[in-house]
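The values are calculated or read from the model by the stated rules, or taken from the named source; none is laboratory data. Computed from a prediction, not measured in an experiment: that's the story for all the values here. Heads up, the Cβs are rebuilt from the backbone with ideal geometry, glycines too, and the neighbour counts pull from every protein chain shown.
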Amino acid sequence: MQSPETPISDAAAITATPGFLDTWMLGLLVVIPLIFALVVAFSPEKRARATALVGSLFALAFTVLSLMRFDWNNGADFQFPNHIEWLPSLGISVSMGVDSVSLLLIALTGLLGPICVLASWTAITNRVRTYYAWMLVLQAAMVGVFVARDLILFYVCFEFTLIPMYILISLYGSTNRKRAATTFFLYTFTGSMIALAGLVYVAWVNAGLPSDSFPGAGTWTFHIATLQNAAISHLTLAQQSMVLLALMAGFAVKVPLFPVHTWLPLAHTEAPTAGSVILAGVLLKLGTYGIYRFALPFCTDAFIHYAPFIAVLCIIGILYGGLICWVQTDMKKLVAYSSVAHLGFCILGLAALNTAGLQGSILYMINHGLSTGALFLCVGFVYERYHTRSMKDLGGLAAKMPIWATFMVFFVMSSVGLPGLNGFVSEFLCIFGTFQASSNWGVAGAGVWNSSGNPVPGATAGNLGPWYALIAGFGVIVAAMYLLIMVGKVVFGPLREPSAHGHDSHDEHGSLPPDLTAREITALVPLALACLIFGLYPMPLFDALKGPVNQTVTAVEWARQNPIESDGQRPTATASVASELREVSR
């Protein structure tokens with residue numbers, strides 16, 4: 001979001017004529033996995049794994065190249081712009097661009113791609129080509145969500161992720177895979193249709209505006225920047241509330257936010273290991289990303305108004321998810337329910353509507369994908385050997401799997417939020433931002449700073465506060481308890497194995513040795529390094545997010561200072577406030 005004093009445009013991102021590579025960079029990030037998906041689909045079965053690995057590594061290489069060419073000093077600008085008219089009569093185009101938030105999520109997607117291929121190497125033995133082809137298609141669709149600057153392109157990619165995920169669960173999942181896949185599809189598809197209605201309504205409002213209102217007004221278009229202008233300048237609070245309800249119906253299901261979370265544990269439990277990694281690592285972030293990218297900037301006034309209610313739902317989800325985890329005996333289901341609690345913190349940070357909360361929320365998207373994705377890998381590696389995930393049947397595995405036990409304890413500590421690891425940084429910021437978001441306890445301008453590092457005079461602190469933070473903080477304690485209990489039962493203590501785990505003897509695990517193989521270690525090491533580096537030195541991430549976060553906070557504060565009137569118009573901001581808000585977005 002940019003400051004609403006001037007029309008929002010992606011044009012600011014174009015400071016010079018981009019070269020060929022920069023113009024087609026984002027298109028290549030989408031197309032490369034699709035090309036390799038076709039190659040995998042028509043390659044010999046025995047070469048499918050290697051081909052998929054090459055494709056995912058190729059996509060990762062281009063992701064790294066995009067990270068190197070991105071101008072991190074202007075992270076709020078949408079870079080690598082590309083605009084191709086698709087259906088001009090309907091105002092639909094293939095418009096792409098990324099800011100630092102989008103690019104970091106693309107990097108997470110690119111990192112998890114080859115890791116998921118490695119994790120599935122021995123686990124998937126039937127219809128191998130189909131499996132890896134759809135994995136690559138899913139990766140392309142997820143990247144398409146993050147690069148889209150046109151609502152229809154965003155929605156097509158957002159909705160298309162359902163198809164490969166449905167296939168992966170229904171064909172390669174466990175006993176109840178059909179039910180899990182159908183529940184996942186129906187929940188998310190229904191919510192997405194409601195969200196689409198809200199987005200189309202904003203486009204309809206824009207088409208009816210006078211053409212001199214701002215560039216793009218009075219035309220039928222789905223360009224995100226244009227529709228954001230229309231929403232924040234011409235929707236009444238009632239209209240914004242209606243659109244916010246529609247958007248939250250679609251995106252909250254994807255997160256998932258309590259109480260629309262019931263599809264998640266079943267989908268995670270029945271999905272193959274790599275499916276769970278992708279689901280937790282990236283797919284759930286499509287919901288949080290949608291709230292950040294659309295619900296908040298399109299419906300700023302309504303989001304401010306309903307932030308306490310959203311925060312209450314988050315806190316209920318944090319505590320409910322934690323308490324449900326306490327009684328789980330299936331390790332995979334426990335990690336699945338923990339996502340309900342963890343992503344409650346993520347949305348709570350958004351509801352704080354200040355710098356600390358928003359930074360924590362975006363970091364939580366990345367850190368949750370790393371640590372929880374790794375936990376699903378660890379659980380999956382045990383399941384491949386013992387064909388059970390029950391904590392009643394497993395115990396003391398550190399004696400037999402010391403390398404696995406080391407990784408398991410490490411990622412549990414990351415998920416708990418141990419200081420020095422990545423989970424602590426994002427969790428602390430979300431809670432601290434919630435504490436700051438109070439007009440009684442927060443300082444003037446809490447979390448709203450200008451380019452000199454000083455608070456904006458007269459800026460309000462928000463509608464949450466210490467009670468929200470305190471109750472949410474109990475969720476951290478609960479999370480530590482249920483995760484450490486799982487570690488205590490499964491990793492430590494006397495060795496306990498199931499009496500029969502699908503093999504002729506305890507020592508036979510097919511082609512797998514008792515402890516992790518080099519392939520499995522290779523899959524876990526990048527995640528462990530990322531968790532450690534982002535925990536010890538998170539400043540590069542803070543610097544990368546400074547621009548977009550400050551712009552978002554600027555727009556929120558501008559809306560607070562200039563509340564929308566009944567006709568959808570706003571009073572003119574005072575010169576002093578306008579000057580300060582301009583400073584924030586620099």
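Collect the residues in region 150-187 that are modelled with pLDDT of 90 or more and either outside the structural domain of Met25 (by TED's automatic domain parsing) or part of a loop (DSSP other than H, G, I, E, B) (or both), keeping them in residue-number order. Hit for region 150-187 is Thr161, nothing else.
Scanning region 63-85 for residues being closer than 14 Å to Val30 by Cβ and free of Cβ contacts under 8 Å to residues at least 60 places away in the same chain gives a total of 4. Among residues of region 515-536 that are basic (Lys, Arg), those with a beta-carbon under 6 Å from a residue that is crowded, with 16+ Cβ neighbours inside 10 Å and in a helix (DSSP H, G or I) at least six positions away or on a different chain give the pairs Arg519/Leu118. In this entry, Ala307 is excluded by the filter for residues that are more than 15 Å from the chain's Cα centre (by Cα) and under 26 Å from Ile167 (Cβ atoms). The C-beta contact set for region 314-334 (first residue in contact (Cβ under 8 Å) with a residue 12 or more places away in the chain, second residue assigned to a strand (DSSP E or B), distance under 8 angstrom, 6+ apart or interchain) comprises Thr329/Ser390; Asp330/Ser390; Met331/Ser390. Considering region 531-542, the residues that are surrounded by fewer than 21 Cβ atoms within 10 Å (Cβ to Cβ) and in contact with a helix residue (DSSP H, G or I) (Cβ under 7 Å, 6 or more places away or on another chain) include one that is nearest to His368 (Cα to Cα), namely Pro538. Every test in (1) modelled with pLDDT of 90 or more; (2) more than 14 Å from Pro538 (Cα to Cα) is passed by Ala437 save one, and that test is (1). Of all residues in region 227-262, those satisfying the criterion of being among the β-branched types (Val, Ile, Thr), part of a helix (DSSP H, G or I) and within 24 Å of the chain's Cα centre (by Cα) are Val243, Val253. Kindly establish whether Phe214 is touching a residue at least 60 places away in the same chain (Cβ under 8 Å), surrounded by fewer than 24 Cβ atoms within 10 Å (Cβ to Cβ) and closer than 21 Å to Arg293 by Cβ. So Phe214 fits the description; yes. The set of residues from region 73-131 being assigned to a loop (DSSP other than H, G, I, E, B) and of a type in the set (A, V, I, L, M, F, W, C) comprises Ala76, Phe78, Trp121, Ala123, Ile124. Note on region 355-402: residues that are outside any helix (DSSP H, G or I) and either under 25 Å from Pro259 (Cα atoms) or of a type in the set (A, V, I, L, M) (or both) amount to 3.
Every condition in (1) touching a Gly at 6+ places or on another chain (Cβ under 7 Å); (2) at pLDDT below 90 is met by Thr554 except one, and the failing one is (1). The listed residues are Ala195, Ala133, Ala225, Ala141, and the only one of them that is without any contact (Cβ under 8 Å) to a residue 24 or more places away in the chain, under 30 Å from Trp24 (Cα atoms) and surrounded by 20 or more Cβ atoms within 10 Å (Cβ to Cβ) turns out to be Ala141.
Test Ser56 against the stated conditions and say whether it is surrounded by 17 or more Cβ atoms within 10 Å (Cβ to Cβ), more than 21 Å from Val549 (Cβ to Cβ) and in contact with a helix residue (DSSP H, G or I) (Cβ under 9 Å, 6 or more places away or on another chain). Taking the combined requirement at face value, the residue satisfies it.
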